[in-house]
Every structure is written in C-alpha cells, then in structure tokens.
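Engineer: To start, I am sharing the structure in question, which I have written as structure tokens.
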Amino acid sequence: AAIVEHTFNVQNLTVNRLCQNRVITAVNGQLPGPTLLIQEGDTLVIHVNNNSPYNITIHWHGIFQKLTAWADGPDYVTQCPIRPGRSYTYRFTVTGQEGTLWWHAHVSFLRSTVYGALIIRPRSGRSYPFQQPDGEYPIVLGEWWNANVVDVANQAQASGGAPNNSDAFTINGQPGDLFPCSSGSTTRINVKQGRTYLLRIVNAALNSQHFFKIANHKLTVVAVDAAYTNPYVTDVVVIAPGQTTDVLLTADQKPGLYYMAARPYASAPVSADNSTTTAILAYQGASTAPTLVMPVLPALNDTPTAHKFYTNLTGLVTSPFWTGVPTEVDKHMFITVGLGLIPCRNNSCAGPNGQRFAANMNNASFQLPTKMSILQAFFQNVNGIYTTDFPRQPPVKFDYTNTGLSGNPNLIFTTKSTKVIKLKYNTTIEIVLQNTAILTTENHPIHLHGFNFFVLAQGFGNYKASRDSKKFNLVNPQERNTIGVPVGGWAVIRFQANNPGVWFMHCHLDQHLPWGLATAFVVENGPTPSTTLPPPPHDFPTC
Ligand code: C2O
C-alpha cells in the first residue's frame, strides 16, 4: 500500500460558462477539481491551503474514516472551517471499499465548484469482480450558478425562502451543446468500437437527482457508492446527489457520435429546471460530420422509473468486502424526514404562508454549533455544544403521506436544536426513514457519513412494520452511503456503528441542509486502543 500525497490550493478561478466570465472558488485551477486515484489500502495525505476568500472544509464523501474522524470534513460537525489563509492536512487510509467516491467542500454551497472524483482501484494482485475494462472515465454531474453560490445560499437563509434555481447542469464541468456559448467545450469521451469501458458516474449536483442515459447504448451497473453490485443491465441510470454509480459500457454501435445526457428526476410537483446537460460519446473513426443521436430521457416526474432502478440493485456477496447483514439489531429507530416551517420573526419571510422554510428529522431541525465542532466537544467532554436527546420516533403519529399545512399541525413548526444520537461502540442500528408530506413530499437523498448501510427495503405510503418488514432483503441488499427515500414513502437501513467519532446524517439536497434536515451519530469509543479515536492532528482547525 502506498502513501498518496496531494496539495489542494483552494483559490479564485475565472472561468467562462454560459457566455460570461465568472470568478469561482476552485481547487488547483480546475473545474471539476483533481481526480484522486488510489488503490484500496493506500493512505491519502491531502494538504489543503485555503487561498480563497471563504471558509473551507473538504469532505471525502463515502470514505469510512476508520479512527480518523478528524479528517471527515463537515463544518462544525467534525471540524471548524479552514479560514482564509490557513491550511489543514487531511490524512486517512482507505480500506474495505473499492469503486468510485468523491470529495467536496462541506461549507455553504461551495461544493458546486469545489468537488472532484475519488477513485479506489483494487490493490495490486486483485482485480475487479467483473470484466476488466479497456478504459475508464469519470462522469461527474454538476450544477452551475451564474451568481456567486455563497451569495445564493446566504440570500436564501436571510429571506427564509428557497435558493434561486441554478442556471445549468454540467458533465465534467461543462453544460454541453444545448446551452448557450457551450458547444465549443462540450465534454467528449473517446471510445473504440468493440471495447468496454468503466464509467464512474458521480452526482455532484446540489439540489437535483438525475436521470442519465447514453443514446443507443445499454449500461451494466457493477457498483454503487463504492460497493459492488450484481450486474444490472439498464438503459437509464438514476442517481441522487451524493450517490455514485459505476457502469460498464460496451461500444457496440456503429462508429458515430452519441449523446450522453442527464436531467432532473424531480419527484416533487414543483417547478424544476428541465434543462438537459450533454456530453458526447465519440467513436474512433466516426465520420467528420455525423449526426448526433440524442437519448430519450424519462419525464421529470417519472417516479416508477426511478423506483425500478433503485430497487433492482443488489449487493455482490462474493465481493471481498462483503460483510453480510448484521442479524441482531440493538437499536431500532423511526425517523421522519421532511420539510416544515419556522415562524418568521420580522413578517417578511419568503417561505410558504410568509414563514421561513425549515426541515427536520422527527421534528428536530438541526442547527450546527458555532463555538467548536461536535467531534471536539465529544472528544474533550465539553458540555453545551450538543444534546443527546434526539427523539427515537416522531412526537406524534399521523398519516405521513397526507400533504397539507392544516393536516399536521404538530409537525409544521419545528424548533432549531443540536440533538444527536449517541451510540455505544458496535451498536447495530436499524432505521426506518419515513418521508413526510407536511409542505410537499419529495425524494430526499439521505447521506450517512462514516459508514455504508444496507438498504433492506423501500416502498411507498406509511411504513407498517407488520407488513413491510416481511419485504426485508437480508441476503444480498445493496450497500450505500446515500439513499433516496422514495417520494411519499420510506426506506429501511441497517448498519453497525463500529467507528468511534461523530457522523453526520443529512439530506444531500443542499438547500435542505441549512433548513435542518440532519442529525448526527456520536459513536463512543470501544474497549481497546484499536477501537479508540486518537487525538486530533496538531494543525486541526479551531473556531
Ligand atoms: Cu457528500 Cu455531508 O456530504
């Protein structure tokens, strides 16, 4: 195993998108940022120098961070931000997972330009549990605002309303041919007829799930969230922010140019940006003036297609990293996820009914601390930063699928607090995530830091244990770090809390995060030195 060292200079970068020059925050002058390529077992050492005008942290999305919680990155959860002019070195070893993950800023909306792929290949002497591809390409889906993204986030926070819609979606940083002034720089993926390629698809968009297709080509899913799956052949990939999907693509069509395209899966009946981002799959030997073939993407609200894709994936039990589903459950929780409101203080709030938007889990709307991170407070036994009284279930039981402000008065108004879930080391926990419909219902991609979980089942309506627990797949469920909880529905996840630290769990639609759709797990140390979190590194940023 190697030590792989990188320096990330976070700085202003001027780029031209959608006919305008814009100053963005980016890493090493690249958009997307550098692709990190390692082998399973390697140690990554990344020196982050913050030469930008903003507070920065970097999160290594999906990395287990075994005994390195100090390197996980979410601001005020594990660390205080790296202030402008300061540096911090993230150091962690990547074991027990292979495939595609990614890294991104975990402050404000900065991940819209501060992100990149993190690819974990098998260690020397091991190979993929599928046909060795002839080539590999990261396909990173992104989201672009013409405005400064920190301003977009701050304005939404100040008004209590929703942030402005983005101006484009992107593939590897480029909007593609359907956007103004963009066709000269559309992303191209070069292939040779008859060869097979591994496409490592990441959804780094902020507020939108995506359908992804390549004209005339089938895709074979072989991994999601850096966990191998049984091969699943499909013509459409559905991918939520935070998720990754590795697919094999065989260039089996006649030499030509084919569009790959992505646009939102917008589960909520709201106005959604329906612009389609494209890239070009270019066969060697295609004629110089070919006609481009465009795939037909599902309708924006095509929930049946999304559900079919999400539920057809299963875990690969022959993977060297397959742990099996823990059978004994130590702790059961029922957690509602959804939007709500908080009262407006000055009568001019831009949310529904003149209130402020909020979001909550079990009616607790998560507020980040400001004085120190939760992880520091846990490690140093500091009181007053968080409380451990996150409710085990929602305060009232009701019809979670019944939309309407009047229907569910007890869950409309939430209070802000920093309530976490405390777990003893090695606790096996099973959580029913139940979507609510208090304001609107939509598919919420819930991401857990520090662990993969098994997705035992998912469905629509109100979860009912006596009926729905019979549907649990305990044999070969998919493993994920981000699960799209079905619109008007539920998902059941299970994992073993075998890593001491503080692990954020939140909606990966970035507009829901400042509204409070989050909580955190505080996992206590185990009984031995090898199950105890070591002290923070000496350059650890303080507040
Ligand atoms: Cu990719 Cu806390 O997020």
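Engineer: Looking only at the stretch 478-485, decide whether some residue is under 25 Å from Leu339 (Cβ atoms), in contact with a Lys or Arg (Cβ under 8 Å, 6 or more places away or on another chain), modelled with pLDDT of 95 or more and among the polar types (S, T, N, Q).
Structural biologist: No: zero hits.
Engineer: Now for a different question. I'd like to check something: does the stretch 135-145 contain any residue that is surrounded by 20 or more Cβ atoms within 10 Å (Cβ to Cβ), within 30 Å of Leu248 (Cα to Cα) and touching a Gly at 6+ places or on another chain (Cβ under 7 Å)?
Structural biologist: Yes, the conditions are met somewhere in the stretch 135-145.
Engineer: Take the stretch 160-216 and flag every residue that is touching a helix residue (DSSP H, G or I) at 6+ places or on another chain (Cβ under 6 Å), buried (at least 23 other Cβ atoms within 10 Å of the Cβ) and closer than 23 Å to Arg480 by Cα.
Structural biologist: If the condition is that a residue be touching a helix residue (DSSP H, G or I) at 6+ places or on another chain (Cβ under 6 Å), buried (at least 23 other Cβ atoms within 10 Å of the Cβ) and closer than 23 Å to Arg480 by Cα, then Leu206 is the only one that fits.
Engineer: A further question follows. Give the residues of the stretch 508-535 that are assigned to a loop (DSSP other than H, G, I, E, B) and surrounded by fewer than 20 Cβ atoms within 10 Å (Cβ to Cβ), sorted by residue number.
Structural biologist: Correct list: Glu524, Asn525, Gly526, Pro527, Thr528, Thr532, Pro534, Pro535.
Engineer: How many residues are of a type outside the set (A, V, I, L, M), assigned to a loop (DSSP other than H, G, I, E, B) and over 24 Å from the mean Cα position of the chain (by Cα) if we restrict to the stretch 161-197?
Structural biologist: 10
Engineer: Additional query: So, in the stretch 206-259, exactly how many residues are part of a strand (DSSP E or B) and either polar (S, T, N, Q) or not assigned by TED's automatic domain parsing to the domain that holds Trp144 (or both)?
Structural biologist: Residues that pass the stated criteria total 8.
Engineer: Oh, and also: Identify all residues within the stretch 461-490 that are touching a residue at least 40 places away in the same chain (Cβ under 8 Å) and within 20 Å of Pro394 (Cβ to Cβ); write none if there are none.
Structural biologist: The answer is Gly461, Asn462, Tyr463, Ile483, Val485, Pro486, Val487, Gly488, Gly489, Trp490.
Engineer: Output the residues belonging to the stretch 155-203 that are of a type in the set (Gly, Ala, Ser) and either without any contact (Cβ under 8 Å) to a residue 24 or more places away in the chain or farther than 30 Å from Gly351 by Cβ (or both).
Structural biologist: Ala158, Gly173, Gly176, Ser182, Ser183, Gly184, Ser185, Gly194
Engineer: What pairs can you find where one residue is in the stretch 501-516 and within 15 Å of Ala153 (Cβ to Cβ) and more than 12 Å from the ligand (Cβ to nearest atom), the other is in a helix (DSSP H, G or I) and not hydroxyl-bearing (Ser, Thr, Tyr), and their Cβ atoms are less than 8 Å apart, with a gap of 6+ or different chains?
Structural biologist: Within 8 Å, the pairs are Gln511/Ala156; Pro514/Ala153; Pro514/Ala156; Pro514/Gln157.
Engineer: Can you name the residue in the stretch 111-134 that is of a type in the set (Ser, Thr, Tyr) and surrounded by fewer than 16 Cβ atoms within 10 Å (Cβ to Cβ) and, of all such residues, is farthest from Ala204 (Cα to Cα)?
Structural biologist: Here the residue is Ser124.
Engineer: Within the stretch 402-442, track down each residue that is of a type in the set (Phe, Trp, Tyr) and at pLDDT below 80.
Structural biologist: Phe413, the sole residue that qualifies.
Engineer: Now a separate question. Report, by residue number, each residue of the stretch 151-180 that is touching a Pro at 6+ places or on another chain (Cβ under 9 Å) and of a type in the set (A, V, I, L, M, F, W, C).
Structural biologist: Within the stretch 151-180, Val152, Ala153, Ala156, Ala168, Phe169 meet the criteria.
Engineer: Can I ask one more? List pairs: first in the stretch 97-113 and more than 22 Å from Pro175 (Cβ to Cβ), second assigned to a helix (DSSP H, G or I), Cβ under 7 Å, 6+ apart or cross-chain?
Structural biologist: Pairs that qualify, where the first residue is more than 22 Å from Pro175 (Cβ to Cβ) and the partner is assigned to a helix (DSSP H, G or I), are Ser108/Val150; Ser108/Ala153.
Engineer: Tally time: how many residues in the stretch 47-71 are in contact with a Leu (Cβ under 8 Å, 6 or more places away or on another chain) and either of a type in the set (A, V, I, L, M, F, W, C) or within 15 Å of the ligand (Cβ to nearest atom) (or both)?
Structural biologist: Here the count works out to 8.
Engineer: Looking at the stretch 120-164, which of its residues are among the hydrophobic types (A, V, I, L, M, F, W, C) and out of contact with any Phe, Trp or Tyr (no Cβ under 9 Å at 6 or more places or on another chain)?
Structural biologist: Ile120, Ala147, Ala158
Engineer: How many residues, within the stretch 449-494, are assigned to a strand (DSSP E or B), within 16 Å of the ligand (Cβ to nearest atom) and not aliphatic (A, V, I, L, M)?
Structural biologist: Total meeting the criteria: 4.
Engineer: Being assigned to a loop (DSSP other than H, G, I, E, B), within 16 Å of the ligand (Cβ to nearest atom) and within 21 Å of Leu199 (Cβ to Cβ), is that true of even one residue in the stretch 95-106?
Structural biologist: yes
The values are calculated or read from the model by the stated rules, or taken from the named source; none is laboratory data. All of these numbers come straight from a predicted model, not from anything done at the bench. We place every Cβ from the backbone using ideal geometry, glycine too, and count neighbours over all the protein chains shown.
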